[in-house]
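Notes follow once the structure below has been shown.
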Amino acid sequence: MNFDTIPSPSYVLDERSLRINLQILNLIQKEAGVKIICALKGFAFWHAFPLVGDYLSGATASSLNEARLIAEEMGCEAHTYCPIYNETEFQSLLTYSSHLTFNSLLQYERFYPLVEKNPKKVSLGLRINPEYSEVTTDIYNPAMKGSRLGICRNELPDTLPQGIEGLHFHALCENDSYVLERTLKAVEEKFGDLIRQAKWMNFGGGHLITKEGYDVEHLIKLLKEFKQRYPNLEELILEPGEAVGWQTGFLVATVEDIIPQQDFYIAMLNVSFSCHMPDCLEMPYKPRILHARNPKEGDKWIYRMGGCSCLAGDFMGMGDYAFDEPLEINEKIIFEDMIHYTMVKTTFFNGIQHPHITVWTQNDDLLLLKSFTYEDYKHKLS
């Protein structure tokens, strides 16, 4: 990839890397006899949906807009789960959905009559909360006690409510198959009797299958054994988002100013952590930069990365970066692994320039898909 030819700032999807991830996920589908679908909340790069659709079994939506995008750009119906539904959007969601999961019994009772009257068959499910999760960051823990997401076992009857055909849980975040194995034990202990009444089961997302070192064979074994324990299940579904976009691209930035400090320098960039890399501040985590490393004793050229918004905390506070040579004005900074949970969460805060959206194709061509203008910023505010 020739970064000199890529405009700054830009998100760059590497088509080759995406295809490799999809091939890994498809292998698991075939070997384990499950369905893997793409979670748009993590990866909604819709230019790539035709490629995603060649390998995966569909996509999952958590809003009407996501469901419509799946229908229009992937050409299939969505597996839909929304924390809340409302009368304004519900009928349209039924149109775009093959599966629809309720977050509470009250929502089920409120909207089930509309499903019964709907001319198209939509398979209904309930989201359950096993109250077990090994996620250590609360903001990313969907199954902690007191969570607003999912129904606890003591709230459910011994028989699935009328019209409910599936169960859905989500308790992982960037976890491996061994965490899933322990989580399944908790799920089965509490909900095993209801799983035996269901036609399908959705294991949610958070499965970082495409990360180097993930034990794919163990996952396949785990899924096969689960299906053997519950032969009533016609569908077993996983819905990763991050695993689709994991290590598939970059955010290209430029050094616009350098501010000297006592022991380091601040490199002021034309991108924002708050607006363009929000997970770096929310998780938080320190993103990797191409040709940079963690500082060690004796390093001379140590830089703290600063964002371009007026927010005081718009800088990388999880650690500085060391370079072999001093950075220069107009030098490009390449943030790695910036395709998942970036574009789907960006903002126009402060009116700063949104990065271009680009693709580096398998033929080594650069496609400039979208450049954002003043009109995009203005129309968002109205």
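Derived scalar couplings between HN and Hα for the range 228-242 equal 5, 6, 10, x, 6, 6, 8, 9, 10, 10, 10, 10, x, x, 4 Hz in order, rounded to whole Hz, by the Karplus curve 6.51 cos²θ - 1.76 cosθ + 1.60 (θ = phi - 60°), x for Gly and Pro.
Close amide H contacts of Ser97 (hydrogens built in the peptide plane, cut-off under 5 Å, sequence separation of 5 or more or a different chain): Ala78. About the centre of its Cα atoms, the range 33-245 shows a dipole size close to 420 debye [charges on the beta carbon of Lys, Arg (+1) and Asp, Glu (-1) only; nearest 20 debye].
A dipole drawn for the range 33-245 from +1 and -1 charges on Cβ atoms has a positive end, and of Ala71, Thr159, Tyr96 the residue lying farthest that way is Thr159.
Under a 5 Å amide H cut-off, with hydrogens placed 1.01 Å from N, Trp246 pairs with nothing among residues at least 5 apart or on other chains. Cα centroids of the range 36-89 and the range 258-273: 39 Å apart. Among Ala32, Ala312, Ala292, the largest mean-square fluctuation in a Gaussian network model of the chain, built with springs joining Cα atoms closer than 10 Å, belongs to Ala312.
Running a GNM on the chain with Cα contacts under 10 Å, which residue among Asp263, Asp158, Asp138 ends up with the highest mean-square fluctuation? Answer for the Gaussian network model of the chain: Asp263. Remark: spin-label model distance Leu381-Arg110 equals 3.4 nm, labels positioned 7 Å along the Cα→Cβ axis. Across the range 33-245, Cα pairs under 8 Å and at least six residues apart give a relative contact order of 21 percent.
What is the fewest-to-most order of Met338, Met201, Met144, Met74 by other Cβ atoms lying within 10 Å of their Cβ? It would help to have the intermediate numbers written out before the result.
On the way: Met338 29, Met201 26, Met144 14, Met74 21.
Ranked by crowding around the Cβ, least crowded first: Met144, Met74, Met201, Met338.
Only Cα pairs under 8 Å and 6+ residues apart enter the sum, and on that basis the relative contact order of the chain stands at 20 percent. With θ taken as phi - 60° and the Karplus curve 6.51 cos²θ - 1.76 cosθ + 1.60 applied, the whole-hertz 3J(HN,Hα) list for the range 155-160 is 8, 9, x, 7, 10, 4 Hz, x standing for glycine and proline.
Ranking of Leu366, Leu236, Leu56 by neighbouring Cβ atoms within 10 Å, starting from the fewest: Leu366, Leu236, Leu56.
Take every Cα pair under 8 Å whose residues are at least 6 apart in sequence, average their separation, divide by the length of the range 206-299, and the relative contact order is 18 percent.
Residues considered: Gly125, Gly298, Gly150. Largest GNM mean-square fluctuation over the chain, using C-alpha springs under 10 Å, is found at Gly298.
Note on Ser272, Ser371, Ser382, Ser133: ascending count of other Cβ atoms within 10 Å places them as Ser382, Ser371, Ser133, Ser272, the fewest first. Note on Glu212 and Tyr140: the model spin-label points, each 7 Å out from Cα along the C-beta direction, lie 1.9 nm apart. Potential lengthening of the chain between Thr95 and Lys370 amounts to 96.1 nm, from the contour at 0.36 nm per residue minus the alpha-carbon distance. Between Asn232 and Ile84, the modelled labels are 3.3 nm apart [label points 7 Å from Cα along Cα→Cβ].
Going toward the positive end of the dipole of the chain, with +1 on Lys and Arg Cβ and -1 on Asp and Glu Cβ, which of Gln353, Phe264, Pro240 do you reach last? Going by the charge dipole, the pick is Pro240. The region of the chain that goes longest without hitting one of the GluC sites (Glu not before Pro) in a DSSP loop, each with at most 11 other Cβ atoms within 10 Å, is 1-211.
If only the Cβ of Lys and Arg carry +1 and only the Cβ of Asp and Glu carry -1, the dipole of the range 129-195 around its Cα centre is close to 160 debye.
Think of each Lys and Arg Cβ as +1 and each Asp and Glu Cβ as -1; about the Cα centre, that makes the dipole of the chain roughly 1120 debye. Once the chain from Glu256 to Tyr178 is taken as fully extended at 0.36 nm per residue, the excess over their C-alpha distance is 23.6 nm.
No lab work stands behind these numbers, since they all come straight from the coordinates. The structure displayed is predicted, hence computed values, not measured ones. Virtual Cβ from ideal backbone geometry, glycine too; neighbours counted across all protein chains shown.
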